[in-house]
Every structure is written in C-alpha cells, then in structure tokens.
Amino acid sequence: MPPAANNAVTVVTRVWLDEYAWLEALYNDVANSSPKLRYPDLISACVSLVFNRPGADLRIFTFLHTRLVLRDQHTARRQEEMWREQYELLLALQKSEQNRHPHPQFKLDHFTTACVALAMEEDGAKSKLFEHARRNIARRAATQSR
C-alpha cells in the first residue's frame, strides 16, 4: 500500500522547461557520479542553496515579480519530485502574506522554478549544487537513523 500523500517523503512539483534543461544537463554531467544524484536531489539542492543565504524569501519573490511574471505563462513544465523538507520551505512561501491579496498568487511550480533559476546564477553553481544535494542526503540519513 502506498504511503498517504501527507506522509510521502517526496512531493510532486513542476519545473519550467528552461530551468529543467539546466537540471537535465546537471543530471547528465560527468561530475554527477558516485552516487548519481537524481532529480529530487537536484531540485531540492536548488531550494537548499537558495534558502542557505539570507533573504531567500525576498530573492525568490523579487525573481517572481520581476522576471518570471514576464515569461509566457503557458510555457510547458516538466513534472518531477522534490524531497519533503525542501517542499516545506516553499509551502511556507506559498502561504505567506507576500502571496496573498493584493499580491499575485504564485503556485508551487513558480517557487520551484525560481529556486532553480536562482541556483543557476550562483558562482560555481554546479559544485555548490552537488555539495548541497549530498548534504541533504546525509541529513536525511541521520534523521532516519534516530
């Protein structure tokens, strides 16, 4: 029997195609080996990387209000998964005052895409992302062993 949706360890999200293409390049990168990081690890690492810096919520909403809002809103998205811990960070943004009337309402795919886009802009993004993904794996393992 599959776990209940609210107890699942991963959550389904979507990523806009431009950002997904970057994730795909990382997934296929020669440096992504031993262990090979999968999309939930890569997406969650993007979220962790963005939230690891001060003012993450401001950076994300600034990206949404100044850049993502100007893109074609009918752009295709790829469905992927992310780890629940990072989803909870995005859920808090989705429920925040900045996402309520009179502000525009952004959805999970907007927040996920913003984190991937902001992670892409980091100096040394690839190595930072792989590092954050491995840290997330180690943190999950430590939590599960308790």
- Tell me the label-point distance for the pair residue 70, residue 135, using the 7 Å Cα-to-Cβ offset, in nm and rounded to one decimal. 3.1 nm
- Note on the structure: So the carbon and sulfur contribution to the accessible area of the chain, 1.4 Å probe, in percent, is 54 percent
- Rule-of-thumb check for the stretch 64-146: C-alpha Rg over 2.2 N^0.38 Å? 1.28
- Task: Can you quote the Å³ per residue value for the convex hull of the Cα atoms in the stretch 1-107, rounded to an integer?
- Result: 137 Å³
- Message: Rolling a 1.4 angstrom probe over the protein chains, ignoring ligands and nucleic acids, what is the accessible area of residue 36 in square angstrom, nearest 10?
- Response: 90 Å²
- Sorted list, accessible surface of protein heavy atoms, 1.4 Å probe, largest first, for 131, 97 is 97, 131
- So how do 34, 44 rank on accessible area, 1.4 Å probe, biggest first, that is with the largest at the start? 34, 44
- Query: Whose amide H sits under 5 Å from the amide H of residue 80, counting only residues 5 or more places off or on another chain, with H placed in the peptide plane?
  - Reply: 13, 14, 15
- Task: Please give, to one decimal in nm, the separation of the simple spin-label points placed at residue 91 and residue 18, each 7 Å out from Cα toward the Cβ.
- Result: 3.0 nm
- How large is ³J(HN,Hα) for each residue in the stretch 33-38, as worked out from phi by the Karplus curve 6.51 cos²θ - 1.76 cosθ + 1.60 (θ = phi - 60°), to whole Hz, x for Gly and Pro? 8, 6, x, 7, 7, 9
- If the chain between residue 101 and residue 122 were fully stretched, how many nm would it gain, using 0.36 nm times the residue separation less the Cα-Cα distance? 4.4 nm
- the chain - accessible surface per residue (Å², probe 1.4 Å): 57 Å²
- For residue 128, counting only lysines whose alpha-carbon sits under 27 Å away and dropping same-chain residues fewer than eight positions off, the answer is 36, 107
- Describe numerically, in nm with one decimal, the distance between label points set 7 Å from Cα along Cα→Cβ at residue 79 and at residue 144. 2.4 nm
- Query: Sorting 69, 11, 30, 116 by accessible area (1.4 Å probe), largest first, what list results?
  - Reply: 30, 69, 11, 116
- Note on the structure: Counting only protein heavy atoms and leaving out ligands, DNA and RNA, the solvent-accessible surface of residue 66 at a 1.4 Å probe, in Å² to the nearest 10, equals 70 Å²
- Query: Quick one: net charge of residue 8's neighbours, Cβ under 13 Å, K/R +1, D/E -1?
  - Reply: -2
- Item | Environment charge of residue 85, counting only residues whose C-beta is closer than 9 Å and scoring Lys/Arg +1, Asp/Glu -1 | +2
- Item | Calculated [θ] (222 nm, deg cm²/dmol) that DSSP helices of n ≥ 4 give over the chain, each run adding -39,500 (n - 2.57) | -17500 deg cm²/dmol
- Query: Which net charge results for the neighbourhood of residue 23, defined as the other residues with beta-carbon distances under 9 angstrom from its beta-carbon, given Lys and Arg at +1 and Asp and Glu at -1?
  - Reply: -2
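The values are calculated or read from the model by the stated rules, or taken from the named source; none is laboratory data. These numbers come from a predicted model, not from an experiment. Every residue, glycine among them, receives a Cβ derived from its backbone with ideal geometry; neighbour counts consider all protein chains shown. Just the protein is used for accessible areas: all its heavy atoms, side chains included, with ligands, DNA and RNA removed. Shrake-Rupley method; radii C 1.70, N 1.55, O 1.52, S 1.80 Å.
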